[in-house]
Amino acid sequence: MSNILWKSLVVSPAVLGATLLVSTTAMAAPSTTTEVTPADKQVTAEVAQKPAEIIAQAAPASDDAKVLEQVTRYSKEGASNTQAQVTSVSQFSDVQPTDWAFQALQSLVERYGCIAGYPNGTYRGNRALTRYEFAAGLNACLDRVNELIATATADLVTKQDLATLQRLQEEFSAELATLRGRVDSLEARTAELEAHQFSTTTKLVGEAVFAVSDAFGNNTGDANNTVFQDRVRLGLETSFTGRDKLTTRLAAGNASAFSFRGAANQVIPTAEGKQTYEVGSTGTNGVIIDRLTYEVPIGPAQVYIAANGGRHSHYAAVNNPYFFDKTDGGNGALTTFASESPIYRIGGGAGIALNIPFSSGGSIFKPSSITLGYLASDANSPGDDRGLFNGNYAALGQLNFAVGDRLALAATYVHGYHSPGTSLFDSGAGLDAKNGLPVGGVVGTRQANYLGEVTGNGYTSNSYGISAAFRPSNNLSISGFVTYHDLTSPGAGNDFEAWSYGGGVALPDFGKKGNVLGIFAGAQPYSRNRAVPGVVTGGGNAPIQVEGFYKYRVSDNISVTPGIIWLRAPGQNDAEENAFIGTLRTTFTF
């Protein structure tokens, strides 16, 4: 009896010490202890519950010395100091956050509370683990987990709850079976769609514009009839990294411009009054690829590459919110003049552009950036006065500033070359006027658009512009621009100047969220007192335009925009033959 009591006293602290010695590091280390006999395994399984009795009764007499030697040695380790279960892994003096098993040990100590260290405040995670230590520590952790489960569910689930759940399952077995079948069918359909989807990286975006329009006023009204026109765009937007975008867009339309007439009923060649859905229209609903561009961030810069249909307004800040819509989209202003400053209509086609931030804070102008771009209209043609650098091109530089969250400013410079017979504001279309009408520009009078048809030579242009957008409140936006253009052709006196200016007020969410009421007024690009072949007079009047529209949002994908456009002295005519254009535009986006 005394022998059993002595063994129990020795084994009891050994069990406590063994429970404190479990380590994720040591569990991976190979064991170097003596092979354990079947009797040892029985002792290991029950040692945490009744250590003294188990060892006294289960261990054979021949193994007593071996067992007692093991547990005595472990019980004496750290015996000079006593310490209770730790509550934080930081209490171990030899455990650092850089240790590879730190998070696992932290979870066992602080979440489950089933791992402790030696009484002297160490953990000794690098020493070898014996099977006794593993058995005792694992048993303690399992007991703690069972305790947590019992505590967490004791007040939540009862036998009565389980019985009720089983009864409900039996009562609704038919409904559950039906639901299971629908889920299986849905999974099958989803798998089929995933297997036959068009692309995992590409989405389709589209826009369809229907417009009923007519022109009124004196001879202009008599020369035009009510028309129903359309334009459709289908775009494939592909992203390979999640941050880049490849845009491939198809377009077709049947819109054509109204014919403006003077006092003597003569035709006035001008690009005034051109509406956004007329840009890119073939007039016959023939399909063309009107945009092929790639945008990607490289370091801090945003890079824009155009292979076809590139526009300066694709990459440069236009500063004309609610009037501008993704380059002649169907949700902004009605006309090309009100949608963006004419300076962005100079040139286009293929090329490259960069937008580089240079100030993200610390000054009144934040954030700020510089925009650089080069677009060539005839980049694909190897002929005379063609190509990437020898044909029509426009190089843009722009400084962008923001003052707080309410004011945006931009200063823009564009240098361009234009081959004989091509217009200044052609958006890179390369349209010419050698054979007379229609005028090749997308905005402005004929006097402002052409110099080459007078001299028979190509000409250069230097254009300067400033733009601003101010948002005093979330329901009011004010924007405007001023541009100056200096055009020069070889030969004495073959130069002229052109001007343009405009401003608008937009009331977003007017009457309903998503609606926009907009009024825009200004002078289309013009050149005073300049004679042009085919124009009866040089024209001294500024071609003023006033546009008002109200975009009514029917749904997230449908909007209806009625509006009216007033043109004073189209073509800068001295007789001031005014004209009106009324439009009802419906836009579908998908």
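The values are calculated or read from the model by the stated rules, or taken from the named source; none is laboratory data. All figures in this text were calculated on a predicted structure; none of them were measured in a lab. Every residue, glycine among them, receives a Cβ derived from its backbone with ideal geometry; neighbour counts consider all protein chains shown.
Structure values in brief
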quantity	calculated
Qualifying position, being free of Cβ contacts under 8 Å to residues at least 40 places away in the same chain, of a type in the set (Val, Ile, Thr), closer than 21 Å to Thr238 by Cα and out of contact with any Pro (no Cβ under 7 Å at 6 or more places or on another chain), among Ile352, Ile305, Ile288	Ile288
Candidates Ala116, Ala39, filtered to the one that is modelled with pLDDT under 80, in contact with a Pro (Cβ under 7 Å, 6 or more places away or on another chain) and in the same structural domain as Ala150 (by TED's automatic domain parsing)	Ala39
Residue identified as of a type outside the set (D, E, K, R), within 30 Å of Gln447 (Cβ to Cβ) and out of contact with any Leu (no Cβ under 9 Å at 6 or more places or on another chain) among Gly299, Gly283, Gly309, Gly273	Gly283
Count of region 407-426 residues which are crowded, with 24+ Cβ neighbours inside 10 Å and among the aromatic types (Phe, Trp, Tyr)	1
Number of positions in region 101-122 that are touching a residue at least 24 places away in the same chain (Cβ under 8 Å) and farther than 14 Å from Thr87 by Cβ	6
Number of the condition not met by Ser256 [criteria: (1) within 28 Å of the chain's Cα centre (by Cα); (2) surrounded by fewer than 22 Cβ atoms within 10 Å (Cβ to Cβ); (3) not β-branched (Val, Ile, Thr)]	(1)
Residues located in region 272-284, provided they are surrounded by fewer than 15 Cβ atoms within 10 Å (Cβ to Cβ) and of a type outside the set (Val, Ile, Thr)	Gly283
Test: residue in region 533-550 that is assigned to a loop (DSSP other than H, G, I, E, B), modelled with pLDDT under 95 and within 19 Å of Phe481 (Cβ to Cβ)	yes
Qualifying residue in region 152-159 (condition: farther than 30 Å from Gly242 by Cα, at pLDDT below 90, small (Gly, Ala, Ser) and surrounded by 10 or more Cβ atoms within 10 Å (Cβ to Cβ))	yes
Flag for Ala402 being buried (at least 19 other Cβ atoms within 10 Å of the Cβ), in contact (Cβ under 8 Å) with a residue 40 or more places away in the chain, farther than 21 Å from Thr488 by Cβ and small (Gly, Ala, Ser)	no
Within region 482-509, considering residues that are touching a residue at least 24 places away in the same chain (Cβ under 8 Å) and not in a strand (DSSP E or B), the one farthest from Arg530 (Cα to Cα)	Asp509
Selection within region 478-487 - at pLDDT 95 or above and surrounded by 22 or more Cβ atoms within 10 Å (Cβ to Cβ)	Ser479, Phe481, Thr483, His485
Residues (of a type in the set (Val, Ile, Thr) and either part of a loop (DSSP other than H, G, I, E, B) or under 24 Å from Lys513 (Cβ atoms) (or both)) located in region 304-338	Val318, Thr327
Residue ranges of strands (runs of 3 or more DSSP E) in region 198-276 with at least 1 members in the same structural domain as Asn541 (by TED's automatic domain parsing) and within 17 Å of Phe580 (Cβ to Cβ)	202-216, 227-238
Region 160-197, subset among the polar types (S, T, N, Q) and exposed (fewer than 11 other Cβ atoms within 10 Å of the Cβ), residue nearest to Gly582 (Cα to Cα)	Gln197
Candidate set: region 300-354, residues that are under 22 Å from Lys551 (Cβ atoms) and touching a His at 6+ places or on another chain (Cβ under 8 Å); chosen: the one surrounded by the most Cβ atoms within 10 Å (Cβ to Cβ)	Tyr344
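Per-residue answers, yes or no, for (1) modelled with pLDDT under 90; (2) closer than 23 Å to Gly309 by Cβ; (3) not in a loop (DSSP other than H, G, I, E, B):
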{"residue": "Pro357", "(1), (2), (3)": "no, no, yes"}
{"residue": "Ser363", "(1), (2), (3)": "yes, no, no"}
{"residue": "Leu375", "(1), (2), (3)": "no, yes, yes"}
{"residue": "Ala379", "(1), (2), (3)": "no, yes, no"}
{"residue": "Gly383", "(1), (2), (3)": "yes, yes, no"}
{"residue": "Asn400", "(1), (2), (3)": "no, no, yes"}
{"residue": "Thr412", "(1), (2), (3)": "no, yes, yes"}
{"residue": "Phe425", "(1), (2), (3)": "no, yes, no"}
{"residue": "Asn457", "(1), (2), (3)": "yes, no, no"}
